[in-house]
Amino acid sequence: MTISDKLISHHCRSGEFVNIQIPNLDNILWRRPFSVHRINPKEETFDILFSIVGRGTQALSELKAGNQIDILGPLGNHFEIPDNAEQIIIVAGGLGIAPFMLFLQKLGKRPSRLLFYGVASKNQFCLLDEFKEFQPDLYLCTDDGSQGHKGYVTDALEKYLNIHSGKNRYLYACGPTPMLKTLQTICIKHRINAWVSVENVMACGFGACMGCPVPLKNPVSENKKYVLACKDGPVFSLNEISIDARAFD
Ligand SMILES: Cc1cc2nc3c(=O)[nH]c(=O)nc-3n(C[C@H](O)[C@H](O)[C@H](O)COP(=O)(O)OP(=O)(O)OC[C@H]3O[C@@H](n4cnc5c(N)ncnc54)[C@H](O)[C@@H]3O)c2cc1C
Ligand code: FES
C-alpha cells in the first residue's frame, strides 16, 4: 500500500515503523504496527507491505485510492550499520522481508550484501525483481522446495557460513520466532553480530501502555527484566534479548 506523507517519505530510517488507526471499523481500538517498506521522497510517499491475517489488515486491504488514514510515525529505533562493515547478511522469513527494501535503499553501494529470503511456497515471495535491483547475492528458500533451496532459510544460511568465512560481517533479520531463535544459535557459533526486528503484538506504539515487553537475555536487575518493543526496539541486538515464543506469539 502506498501512502502519501511528506515527513515519513523524507526522514524515515530503515527499521522504523508506523502505527495505523484502522479506518471504518468502530470496534478496533488499537492501532496496527507496520514496518516502513520503502520510501519515495520525490513523490512524497512511502509503502507498507502486509498480508491479511485478521480484521485490521482485512479492513486496510479494502481501502480505495484517495482514502485518508490516521498514522503515527515514524516510531521506534532503526537498523545501524557499523562503519567497518564489509559484508551485510540479511535474513528474512515470510513478511519479515518488509523492512529490508528501505534497508537496501539506504545502504547505497557499500558494502556487499547477501539476502537469504525464505517462505513456505514460491507464490509467497514478494517483489523479487525489485529486490534484485539492489544487487544482493540472493538465496531463496521454500519449505516445500517449489523454488530455491528446499528447507528453512536458516539451513541455507548455516550452509553458506560453514563454507565462507569473512570479517566485519553483520547480520540483520526479521521473521518468525523459531527463525530468530535458530539465528541466535547460528550467530553465536559463527561469531557474527546480529540485529533483529521483532514483531510482537503492540498497542500504543510509543511506550505508554507497557503492552509489548521483550525479555532481556541477561536482566540488568530484578527491576529491569524487559525492554519495550515499540520504544527500545523494534530493532534489538540478537545477543541482548531472549527469544521467548510466549512474548512474541
Ligand atoms: C514493529 C512491527 C512491524 C510490523 N510490520 C509488519 C509488516 O511490515 N507487514 C505485516 O504484514 N505485518 C507486520 N507486523 C504485524 C502486523 O502488525 C500484524 O499482522 C497486524 O497487527 C495484524 O492485525 P489484524 O487486525 O489484521 O489481525 P488481528 O485480528 O489482530 O490478529 C489476527 C491474527 O494475527 C496474529 N497477529 C496479530 N498481531 C501479530 C503480530 N504482530 N505478529 C504476528 N502475528 C500477529 C494474531 O495472533 C492472530 O492470530 C508488524 C508488527 C510489528 C510489531
Ligand atoms: S505498545 Fe504500548 S508500550 Fe509498547
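Laboratory data are not the source of any read-out in this text; all were calculated from the coordinates shown. On a predicted model such as this, the values are computed, not experimentally measured, just so you know. All Cβ positions, glycine included, derive from the backbone under ideal geometry; neighbour counts span all protein chains shown.
Reported count of residues in segment 185-204, each being in a helix (DSSP H, G or I) and either surrounded by fewer than 18 Cβ atoms within 10 Å (Cβ to Cβ) or under 14 Å from the mean Cα position of the chain (by Cα) (or both), is 3. Residues in segment 26-56 that are in contact (Cβ under 8 Å) with a residue 24 or more places away in the chain, surrounded by fewer than 16 Cβ atoms within 10 Å (Cβ to Cβ) and under 18 Å from M202 (Cα atoms): 3 in all. Anything in segment 15-60 that is in contact with a His (Cβ under 6 Å, 6 or more places away or on another chain) and within 14 Å of ligand 1 (Cβ to nearest atom)? List them, or say none. Once the filter is applied, which keeps residues that are in contact with a His (Cβ under 6 Å, 6 or more places away or on another chain) and within 14 Å of ligand 1 (Cβ to nearest atom), segment 15-60 yields G15, E16, D47, I48, L49. For segment 1-25, how many residues are more than 15 Å from P74 (Cβ to Cβ) and buried (at least 18 other Cβ atoms within 10 Å of the Cβ)? Looking only at that region, the number is 1.
Taking E158 as meeting all but one of (1) without any contact (Cβ under 8 Å) to a residue 40 or more places away in the chain; (2) within 28 Å of D5 (Cα to Cα); (3) part of a helix (DSSP H, G or I), write down the number of the exception. Every listed condition holds for E158 apart from (2). Scanning segment 205-222 for residues that are near ligand 2 (Cβ under 6 Å from one of its atoms) and in contact (Cβ under 8 Å) with a residue 40 or more places away in the chain yields a single hit, G205. Among the conditions (1) more than 16 Å from G15 (Cα to Cα); (2) more than 16 Å from ligand 2 (Cβ to nearest atom), the only one that A173 does not satisfy is (1). For I192, the criteria (1) farther than 30 Å from P136 by Cα; (2) more than 16 Å from ligand 2 (Cβ to nearest atom) hold in every case but one, which is (1). Among the residues of segment 116-152, those identified as loosely packed, with under 14 Cβ neighbours inside 10 Å, small (G, A, S) and on the phi < 0 side of the Ramachandran plot are A120, S121. Do we have any residue at all in segment 10-22 that's away from ligand 2 (no atom under 16 Å from the Cβ) and part of a helix (DSSP H, G or I)? Yes, the conditions are met somewhere in segment 10-22. Pairing each residue of segment 174-203 that is away from ligand 1 (no atom under 16 Å from the Cβ) with any residue that is among the hydroxyl-bearing types (S, T, Y), provided the two are 6+ apart or on different chains, yields C-beta distances under 6 Å for T182/T154; N193/Y170.
Within segment 57-91, restricting attention to residues that are surrounded by 13 or more Cβ atoms within 10 Å (Cβ to Cβ), farther than 15 Å from Q105 by Cα and of a type outside the set (A, V, I, L, M), the residue that is farthest from the chain's Cα centre (by Cα) is E86.
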